[in-house]
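Each value in this text was obtained by applying a stated rule to the coordinates, not by laboratory testing. Note that the structure is predicted; figures quoted are calculated from it, not measured. Neighbour counts are summed over all protein chains in view; Cβ atoms, including those assigned to glycine, are modelled from backbone coordinates with ideal geometry.
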Amino acid sequence: MGTTPSMTALQAIIKLGHIPAVSYACVEHKENEKHKFVRTSISVGKKNLQPKDAEMTVNNKTRFPASSLSKIVFTYLILQLVKQKQIALDEPLHDILHYERFKVDGEYPKKAKELTARHILSHTTGLPNFGASLSSPLIFDSKSKLSEGYSYSGEAFLYLQKAIEAKIGKDLETLAQEYVFAPLKMSRSTFMPTSEDDDNVVAVHTELGKPTSIYVGEPLVNAAGSLLTTADDFSKLMVAWLENMKDPLIEQAFEPMNTDGLMTCGLGWHIYRHEDEVIAYQYGENPNTRAFIAINITTQKGAVFFTNSENGMSIANQVFCSPDLTPIGTMDRIYKQLHYTQCDEPGWQETILGKIAEIDDQFEEAKYYFEKAFELSPEDETKLRRLEWFKLVHHPSPKQESTLSMNAFVGNYKNLYNDDVEISIRDGGLIFKQFDQQIKLVQVAEAEFLPEKDQSFKIGFDGDHLSIYFVHGGRNKFLSKQHSPKYSLQYKDEVRQLRVSQLEMQYTDTTSKPSWRS
């Protein structure tokens, strides 16, 4: 075993990242005993920044939201069920549960009938990450094939959850307790929402430190993201994975289905190759909370952290590379791919200080910090874009008279990937609403709008279409007004075209079926 992880180092890291609290754990070989592992857990910071009393300090029993690290627990559960021969990785789940949300024009497409647990755990389904509701249709990407490519999907995990619940006759929480939590003594882990009887749970915080309640989605118990846990509990799970690496079934979890492209998965785990090392990882991202787990398959070391802040991912590089903790490996390319800027990058601190100043209506101070951030990182297009968008809102050019009424933009907008946005008018200006978030918009051009505070995205309108452009430069989103007759016809046409594509693919696949592990 190397250096004992330092609590002081961890405190310094979360201070730099403007993060209230972190729950951290690492696992590595016992000295002179390569087949045994030692666990170390550290928790530092405040459950909630609002109250100042000592009871707000976290400890190793404090529960944090796991977000998508829930999928790692669920994957382990599925593999235990496979070992018990209660489910098979390659049996079509349609034989267990006909899922109405897959229907297109009243029929189940070929992919829905062939979908397996292996496709779902390896994120090769072609399904969207999430739907607008528990009853909204789920459309398979017509351009993808099962077992090929990469399509991260929480909805697919939810379907697998429902399938095993239907087949075994027990709910997810009961199965997790029976096959994972009880055997591994993970006493502070549950897929259930927070209980009033448990006050040792964090509040989560916005980027600028405002405490909010832990996000509760639908369904309440969700394999894709509802887990509450501790890093100490998760370290026990890491040991279970590491101790069984030679098990042929567990081994498959760490073998990528596809070798081309940066984003690829085994079963449940993303797989990243860096130089001569292989790192398995998973990230978790729910509103105002972030988490990350990484296991270096080559060195047999692992670490995990849970935070109660939107800024949580900004400390990933320091946590996994710090000599004062347990170094796991470099994953810079992954952080960049996922748009997780790091708090030790030039200009990150200045950007946060600029946002704080803007929220406090200190616009000249905010402008100074945004300019400084760009000065420190002149090649960073995100920092340049943020500065330019900030100036459009707070230092606008002389305003030209708009020829369009604000009412022209009002309505509900949606796309086939289940993004859902509502645009309304309040006090003479537009309000952007998505999920539970309402943001006041400022008009910066004839049909372009930016948030009044924190310009992290820009909205553009073109007739019945709405475009969302992100400050980090990621993939733009395009939505259509859903209440208009034009949209209804267009939406039906798009669904019909997808159906035709699927039928064409079915014909092609009769001579060339997708291949997967048996």
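Per-residue packing, averaged as other Cβ atoms within 10 Å, sorts the ranges 425-437, 13-25, 465-477 into the order 13-25, 465-477, 425-437, beginning with the highest. Straight Cα distances below 19 angstrom link residue 111 to the lysines 103, 143, 145, 162, 513, with same-chain residues fewer than 8 positions distant left out. In order along segment 9-17, the phi-based Karplus estimate (6.51 cos²θ - 1.76 cosθ + 1.60, θ = phi - 60°) of 3J(HN,Hα) comes to 5, 5, 4, 5, 5, 6, 5, 5, x Hz; Gly and Pro are listed as x. Under 5 Å between amide hydrogens, built in the peptide plane, is the criterion, and for residue 444 it picks out 449, 450 among residues at least 5 positions away or on other chains.
Sites listed here are GluC sites (Glu not before Pro) in segment 371-460 whose DSSP assignment is loop and whose Cβ has at most 13 other Cβ atoms within 10 Å: 379, 401, 446. Looking at the chain, what % of its DSSP beta bridges pair antiparallel, to the nearest 5? Beta bridges within the chain, antiparallel portion: roughly 95 percent.
Just in segment 185-255: which trypsin sites (Lys or Arg not before Pro) are loop by DSSP and have at most 16 other Cβ atoms within 10 Å?
Values: sites: 185, 188, 236, 246; in loops: 185, 188, 246.
Filter output for segment 185-255: 185, 246.
Exposure proxy ranking for 265, 26, based on other Cβ atoms within 10 angstrom of each Cβ and starting from the fewest, stands as 265, 26. Using θ = phi - 60° in the Karplus curve 6.51 cos²θ - 1.76 cosθ + 1.60, the 3J(HN,Hα) couplings for segment 71-84 round to 5, 5, 5, 5, 4, 4, 4, 4, 5, 5, 5, 5, 4, 7 Hz; x is entered for Gly and Pro. Pairs 85/113; 83/110; 367/453: which are spaced more than 24 Å apart, C-alpha to C-alpha? 83/110, as the Cα separations exceed 24 Å there. Taken about its Cα centre, segment 68-178 carries a charge dipole of about 200 debye when Lys and Arg each add +1 at the Cβ and Asp and Glu each add -1 at the Cβ. Computed from backbone phi, the HN-Hα couplings of segment 157-165 come to 4, 5, 4, 4, 4, 5, 5, 6, 4 Hz, rounded to whole numbers (Karplus: 6.51 cos²θ - 1.76 cosθ + 1.60, θ = phi - 60°; Gly and Pro given as x). For residue 311, no residue whose modelled amide H falls within less than 5 Å of its own remains once neighbours fewer than 5 places apart on the same chain are excluded.
Which of 331, 263, 313 has the fewest other C-beta atoms within 10 Å, and how do the rest follow up to the most? Working shown, then result.
Numbers: 331 22, 263 17, 313 25.
Placing the least packed residue first, the sequence is 263, 331, 313.
About its Cα centre, the dipole of segment 372-485 is roughly 140 debye, where the only charges are +1 on Lys and Arg Cβ and -1 on Asp and Glu Cβ.
Label reach from residue 388 (point 7 Å along Cα→C-beta): in segment 409-444, amide nitrogens under 19 Å belong to 442-444. Modelled spin labels at residue 8 and residue 475, positioned 7 Å past Cα toward Cβ, are 4.6 nm from each other. Overall, the chain carries a charge dipole of about 940 debye about its Cα centre when +1 sits on the Cβ of Lys and Arg and -1 on the Cβ of Asp and Glu, all other atoms neutral.
Between residue 299 and residue 15, the modelled label-to-label distance comes to 2.6 nm, taking each label 7 Å out from Cα in the direction of the beta carbon. Calculated mean residue ellipticity, 222 nm, the chain: -8500 deg cm²/dmol, from DSSP H runs (n ≥ 4) at -39500 (n - 2.57) each, averaged per residue and rounded to 500.
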